[in-house]
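The values are calculated or read from the model by the stated rules, or taken from the named source; none is laboratory data. Values in this document were obtained by computation on a predicted structure and should not be read as measured data. Don't worry about glycine lacking a Cβ; one is built from the backbone with ideal geometry, like all the others, and counts go over all protein chains shown. What goes into the accessible areas is simple: the full protein's heavy atoms, side chains included, and nothing from ligands, DNA or RNA. Shrake-Rupley method; radii C 1.70, N 1.55, O 1.52, S 1.80 Å.
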Amino acid sequence: MDRQKILVVEDQAIVAMNIKTQLKNLGYIVPGTAISGEEAIKEAELTNPDLILMDIMLKGDMDGIEAARIIKSRFGIPVIYLTACTDFETLERAKLTDPEGYISKPFKEGELRKNIEAFFLKSREKKKN
């Protein structure tokens, strides 16, 4: 089976590198990282990942929720949100994009692995049926 590709969208460089390293250690391919919503859309189109880990709060004019909405409508790529924002209004906006999950920052590698593996397991089951 091909190794899955996961795009990391995170505007804090150290956090992005840490996530990238964790993903590679778990056996995933990380075709790129992005620090803004606009960059995330371009990277999604160029790399066609199987999944995107998307921070909600990003640099620039577009937050991760808007970027996820555009990416899902244009390319159909699923998103798991990474966020320190857990206020009701933000989560309600995020729910409208039908994400595959949420991972609250700060998180441990085990939580990251569990959420990603659950997504890919569910994805494989859908393909079987």
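Short-range pairs are left out: with C-alpha atoms under 8 Å and at least six residues apart, the relative contact order of the stretch 30-129 is 21 percent. Projecting the Cα atoms of P31, I56, A44 onto the dipole axis of the stretch 3-57, where Lys and Arg carry +1 and Asp and Glu carry -1 at the beta carbon, places P31 farthest toward the positive end. Applied to the stretch 88-105, the Karplus parametrisation 6.51 cos²θ - 1.76 cosθ + 1.60 on θ = phi - 60° returns per-residue 3J(HN,Hα) values of 4, 4, 5, 5, 5, 4, 5, 4, 5, 8, 6, x, 7, x, 9, 10, 7, 7 Hz, with x for Gly and Pro.
Excluding residues fewer than 8 places away in the same chain, name every one of the lysines whose C-alpha is closer than 26 Å to that of K128. Excluding near neighbours in sequence, the set is K5, K72, K114. Using the 1.4 Å probe convention, the accessible area of the chain works out to 56 Å² per residue with neighbouring protein chains retained.
Relative protection proxy for 37-43, 49-55, from highest mean packing down: 49-55, 37-43 (other beta-carbon atoms within 10 angstrom). Converting phi to 3J(HN,Hα) with the Karplus coefficients 6.51, -1.76 and 1.60 and the offset θ = phi - 60°, the stretch 61-70 yields 7, 10, 7, x, 5, 5, 4, 4, 4, 5 Hz in sequence order, with x at every glycine or proline. Taken over the alpha carbons of the chain as equal point scatterers, the Debye sum produces base-10 log I(q)/I(0) values at 0.11, 0.12 Å⁻¹ of -0.33, -0.39. 3J(HN,Hα) along the stretch 20-30, derived from phi through the Karplus expression 6.51 cos²θ - 1.76 cosθ + 1.60 where θ = phi - 60°, amounts to 4, 4, 4, 4, 4, 5, 7, x, 8, 8, 10 Hz, with x in place of Gly and Pro.
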